[in-house]
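The values are calculated or read from the model by the stated rules, or taken from the named source; none is laboratory data. Quick caveat, the model's predicted, so the values are computed rather than measured. Neighbour counts run over all protein chains shown; Cβ positions are idealised from the backbone, glycine included. Note: areas computed on protein heavy atoms with side chains; ligands, DNA, RNA excluded. Shrake-Rupley method; radii C 1.70, N 1.55, O 1.52, S 1.80 Å.
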Amino acid sequence: LAKTTQPISMDSYEGQEVNITCSHNNIATNDYITWYQQFPSQGPRFIIQGYKTKVTNEVASLFIPADRKSSTLSLPRVSLSDTAVYYCLFRPMDTGRRALTFGSGTRLQVQP
Amino acid sequence: DTAVSQTPKYLVTQMGNDKSIKCEQNLGHDTMYWYKQDSKKFLKIMFSYNNKELIINETVPNRFSPKSPDKAHLNLHINSLELGDSAVYFCASSPIAKNIQYFGAGTRLSVL
C-alpha cells in the first residue's frame with residue numbers, strides 16, 4: 001500500500017503563512033490531489049484540488065511538483081479560525097480497486 | 001438545506017447488536033461513500049458506490065454492508081457490533097469521476 005505522511009501537528013500565529021506537505025509516493029497517474037479541512041465534530045470540508053504545478057483559490061494555494069510524489073497546501077495569513085485538522089486525499093496506484101486514501105492528517109493550531 | 005445528512009448523530013448500543021446508519025444527499029451526485037474515523041482521527045474509506053459499481057475496502061469486515069435504495073441514499077448496516085467498531089462514521093458524496101466530496105456531519109457510534 002502507498003505510504004502517506006503528513007506532519008502530525010503544526011503551530012502558527014495569526015497572520016503567518018502556513019505550508020503543510022503530504023507525501024504520496026505512489027499516486028495514481030490520472031487522479032487529482034485534494035485537500036480537506038476538518039473542524040471538531042464536523043465532517044471534512046473541501047479546500048482545494050489540483051493535478052500538477054500550482055492551483056490557487058480564494059482560501060489556499062496548492063503546489064504539486066512534476067513527479068507528483070508530494071503536495072503542499074499553503075494557507076496565506078492564517079487566522080484563529082483556521083485552527084483545524086488538514087487532510088490530503090488521493091488515489092494510490094497500487095490499490096487494485098482504486099480506493100481513495102486520506103493522509104494521516106495535520107492538526108494546525110493558530111495562536112493570537 | 002443540508003446537502004449530505006446522516007442519522008442518527010449519536011448511536012450507543014451493546015456488543016452483538018445490529019444497527020444501521022442512514023445517509024441522504026440532495027446534491028444529485030452519482031457517487032456516495034462511507035468513511036470510518038477512529039479516535040486518532042485517521043479517516044479510512046470503507047465503501048464507495050455509484051449505480052454501476054461498489055468498491056469495497058478489503059480491510060472492512062463483511063459485518064459491514066452498504067445498501068442503496070436509490071441514487072440519493074446509501075445506508076450502512078452493521079451486524080454483530082464489536083467494541084472496535086466504536087468510531088465516527090462519515091457519509092460523503094461526489095459528482096462522478098471527481099474527488100471533491102461533500103461530507104455529512106458524522107455519526108458517533110459507541111459500542112458498549
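With respect to the stated conditions, A:T21 fails to be touching a residue at least 60 places away in the same chain (Cβ under 8 Å), open to solvent by 50 Å² or more (accessible area, probe 1.4 Å) and either more than 11 Å from every other protein chain (Cβ to nearest Cβ) or not in a loop (DSSP other than H, G, I, E, B) (or both).
Summed over the stretch B:9-49, the residues that are more than 9 Å from chain A (Cβ to nearest Cβ) and outside any strand (DSSP E or B) give a count of 13. In the stretch B:73-100, the residue that is surrounded by the fewest Cβ atoms within 10 Å (Cβ to Cβ) out of those that are among the polar types (S, T, N, Q) and more than 14 Å from every other protein chain (Cβ to nearest Cβ) is B:S80. When residues in the stretch B:50-72 are screened for being surrounded by 15 or more Cβ atoms within 10 Å (Cβ to Cβ), away from every other protein chain (no Cβ under 12 Å) and outside any loop (DSSP other than H, G, I, E, B), 3 of them pass. Are any residues in the stretch B:26-83 under 16 Å from A:T101 (Cβ atoms), within 12 Å of the chain's Cα centre (by Cα) and among the polar types (S, T, N, Q), and if so, which ones? Listed by number, the residues that qualify are B:Q37, B:S48.
Counting only residues that are out of contact with any Cys (no Cβ under 9 Å at 6 or more places or on another chain) and surrounded by 17 or more Cβ atoms within 10 Å (Cβ to Cβ), the stretch A:27-45 holds 7 of them.
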